[in-house]
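Encoded as structure tokens, the structure appears first; notes follow it.
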Amino acid sequence: MRTATRALIPVALGLGVAVALAQTAKVDFEQDAVGKAPGGFSFALTGQGKPGVWVVRKDDQAHGNVLVQTDADRTDYRFPVAVYDAFTAKDVDLSVQFKTLSGKGDQGAGLVWRYRDQNNYYISRCNALEDNCTIYHVVNGRRVAFLNQNVKVASNVWHTLRVEATGDHFVVTYDGKKVLDAKDGTFKDAGKVGLWTKADSVIAFDDFSIAAR
């Protein structure tokens, strides 16, 4: 039996006026009802096509409940986003396990940070059809890549994607190996974080870990 975890943990650091607030969260969907959208998330769409359908499903014994974006609308410029409501920060350490289940046009799974709205945020994603990981900024709905790396992304296998964002410096780790090390100054302010898919990608997510740096 997996232990359900969904908590934000505030930690005060320092004395007097030197106080910082650290927040962490671990979301494994074990407390959520199967067949329904998870609590604590808002859902948005960048681009065109149908909005995403985000549903909790049972996976294998090791993963238990997982979150799946189930709608396979093949509109190419279509990016469903699941935004975690209870967290906002500028500098973050994010990780998630993902498994690409299907998609003829795309099998892309990603992490979002400094999310302002559905048209403005950073995204790093890995794609099982293209066998690569890429980092983008999305500005006024226009997605622009600024670093890419070829890696093997097997379908129907669990992988781990991690993003460490500090100031304008972003490090992306895939299955424990650093694959992207980039700088970009497009978004300088705090924002929300979330999960992302593209086009007809049907993707499972689990163990979404969030921490302010």
Can you find even one residue in the stretch 106-116 that is out of contact with any strand residue (DSSP E or B) (no Cβ under 7 Å at 6 or more places or on another chain) and at pLDDT 95 or above?
no
Taking the stretch 85-107 and keeping residues under 20 Å from HIS63 (Cβ atoms) and either among the charged types (D, E, K, R) or open to solvent by less than 10 Å² (accessible area, probe 1.4 Å) (or both) leaves LEU94, VAL96, PHE98, LYS99, THR100
Please state which one of SER155, SER95 is at pLDDT 95 or above and either more than 14 Å from SER209 (Cα to Cα) or over 11 Å from the mean Cα position of the chain (by Cα) (or both).
SER155
How many residues does the stretch 149-170 hold that are assigned to a loop (DSSP other than H, G, I, E, B) and in contact with a strand residue (DSSP E or B) (Cβ under 9 Å, 6 or more places away or on another chain)?
9
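Could you grab me the full set of residues in the stretch 198-213 that are of a type outside the set (D, E, K, R) and either open to solvent by 10 Å² or more (accessible area, probe 1.4 Å) or not in a loop (DSSP other than H, G, I, E, B) (or both)? Explain how you work it out, then say what you get.
Narrowing the stretch 198-213 to residues of a type outside the set (D, E, K, R): 199, 201-205, 208-212.
Residues satisfying the conditions are VAL202, ILE203, ALA204, PHE205, PHE208, SER209, ILE210, ALA211, ALA212.
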Going by the conditions given, is LEU195 closer than 26 Å to PRO51 by Cα, in contact (Cβ under 8 Å) with a residue 40 or more places away in the chain, buried (at least 16 other Cβ atoms within 10 Å of the Cβ) and aliphatic (A, V, I, L, M)?
yes
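The values are calculated or read from the model by the stated rules, or taken from the named source; none is laboratory data. The structure presented is a predicted model; accordingly, all values stated were derived computationally and were not measured. No Cβ is skipped: glycine too gets one built from the backbone with ideal geometry, and neighbour counts run over all protein chains shown. Ligands, DNA and RNA are stripped out before the accessible areas are found, and what is left, the full protein with its side chains, is counted by its heavy atoms. Shrake-Rupley method; radii C 1.70, N 1.55, O 1.52, S 1.80 Å.
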